[in-house]
1. Counting Lys and Arg as +1 and Asp and Glu as -1, what is the net charge of the other residues whose Cβ lies under 14 Å from the Cβ of B:VAL104?
2. Starting from the Kirkwood Rh over alpha-carbon pairs, what translational D in µm² s⁻¹ does segment B:74-228 have by Stokes-Einstein at 20 °C and 1.002 mPa s?
3. In vacuo Debye scattering of segment B:5-84, one point per C-alpha: log10 I(q)/I(0) at q = 0.12, 0.27 Å⁻¹?
4. How many Cβ atoms of partner chains, on average, are near each residue of B:213-224 if near means within 10 Å of its Cβ?
5. What shape does segment B:50-125 take by its C-alpha gyration tensor, where a ≥ b ≥ c are the square roots of the eigenvalues and a/c under 1.5 counts as rounded, a/b above b/c as prolate, and the rest as oblate?
6. Let me spell out the model: positive unit charges on the Cβ of Lys and Arg, negative unit charges on the Cβ of Asp and Glu, origin at the Cα centre of chain A. What dipole size does that give, in debye rounded to 20?
7. Give the B-A buried accessible area in Å², both sides summed, 1.4 Å probe, nearest 100.
8. Is it possible to state the helix-based mean residue ellipticity at 222 nm for chain B, with each DSSP H run of 4+ residues giving -39500 (n - 2.57), the sum divided by total residues, to the nearest 500 deg cm²/dmol? What is it?
2 protein chains.
Amino acid sequence: MKIAILGTGMVGQTLAVALAAKGHEVMMGTRDVAKSLASTEPNGYGMPSFGVWHKDHNSVRVGTFSDAAAFGEVLVNASSGGVSLEMLNQAKAGSVGNKVLIDVANDLDFSKGMPPMSRSNDVAGAGLAEKIQTAYPNLRVVKTLNTMSAFVMVNPSLVSSGDSTVFMSGNDADAKKTVQSILQSFGWKDIMDLGDITSSRAVEMLMPVWLRAWGVMGQTPFNFKIAR
Amino acid sequence: MKIAILGTGMVGQTLAVALAAKGHEVMMGTRDVAKSLASTEPNGYGMPSFGVWHKDHNSVRVGTFSDAAAFGEVLVNASSGGVSLEMLNQAKAGSVGNKVLIDVANDLDFSKGMPPMSRSNDVAGAGLAEKIQTAYPNLRVVKTLNTMSAFVMVNPSLVSSGDSTVFMSGNDADAKKTVQSILQSFGWKDIMDLGDITSSRAVEMLMPVWLRAWGVMGQTPFNFKIAR
């Protein structure tokens, strides 16, 4: 399948490598292709720049956000949640038809210190995936994979021998089937469909506990499991 | 230990029975003792009224909120989150010293239909346990047990042979030790201390996923596990 990954950070890179390894054709979208490919400064987490990373992964295509959105049969929002809507506007997401958009982003507020806060909440307003679905009603938005580190997203066996849960929310049953098959290809077994896109707000609200647990446990790979 | 349970609903009843079975002296607090003991109407979930329930559990003392708060060495907030602050005011919680208050409540908004929404959110305001701690700075508030059904609270072996997680948040280390020993007496093994009371907001934000998962799975006992 042709998959567009919108965003070139650690999440986008990790997904790109994993999807390419499964035989998908991957194009990553970025704001300024020449600038991204020329970048050499490591990011704030000490990870290589996108330019350096791409030298080792040059089978992954790189284009503008709109190049990528036009290329992909499935789009992945791997941007920071705070800029996702603006990025989708640059990607001309309103004119790419009813493609599946896998939203793995979290809309976090770093302005009040660490840990960052989640802007997704129940009573005062909608979550990120709901906002994207409202802004781009043609896209078939599926929220998933936003409740774990990038490494766990593509390799669930890192946690508890693969025994943890990934959630999925969206309005379109076929889109969820497509996403489910991608998740299964990564090794996910406990895929919990929580319902329509309104349920994604609840899943986005898991991030504050994830961040606290990360603070307590450090770098240990971990994930939520709905234990029965 | 003398334990006061503030609130006579299903959560309060379940905790009262379990704590009494561990040898604690339990007093339940209610707004109007005579009216509660005379009640015969089943509640909205088809559970027996408090009056009927108490006939079978009359070793559990019953008093006003302030009777109970004066009696208990440890207080438990088992009220609905929306009325907890008013109830603590009736309990004269500001004048009972620095007792431990175990807050198991969730502040849910049922006004927009089902599932109810959580009023706890990161960016727009504090969570319930934080509000209680601010209103009653002498109390040593520990948030715990709010992320599962009452039956699982007191019997974690109902879920995954006991392999699920209970969170704990609070500012006072000794209070957390007291709470930990109560949790251990119920059989909890994976007790995750997430930090000071500000971390309780994150834990309260788990409720929306709990409610969605409940909707998907029905009555199955389940709980969150932080899988490593």
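1. On the way: positive: B:LYS143; negative: B:ASP103, B:ASP107, B:GLU204.
Taking every other residue near B:VAL104 into account, the sum is -2.
2. Working: Rh = 15.8 Å.
Reported coefficient: 136 µm²/s.
3. Per q value, in the given order, log10 I(q)/I(0) is -0.29, -1.52.
4. Details: counts 8, 0, 3, 6, 3, 0, 0, 2, 2, 4, 4, 7.
For peptide B:213-224, the averaged partner shielding equals 3.
5. Values: a/c = 2.71, a/b = 1.40, b/c = 1.94.
Oblate shape, in that a/c is at least 1.5 and b/c is the bigger or equal ratio.
6. On the way: 20 positive and 19 negative charges, 28 e Å.
I would put it at about 140 debye.
7. Numbers: alone 10690 and 10690 Å², together 18260 Å².
Looking at B and A, the buried total is near 3100 Å².
8. Working: 10 runs with 81 residues, N = 228.
Mean residue ellipticity at 222 nm (helix-derived): -9500 deg cm²/dmol.
The values are calculated or read from the model by the stated rules, or taken from the named source; none is laboratory data. Source: prediction; values computed, not measured. No Cβ is skipped: glycine too gets one built from the backbone with ideal geometry, and neighbour counts run over all protein chains shown. The area values use the complete protein model at the heavy-atom level, side chains included, leaving out ligands, DNA and RNA. Shrake-Rupley method; radii C 1.70, N 1.55, O 1.52, S 1.80 Å.
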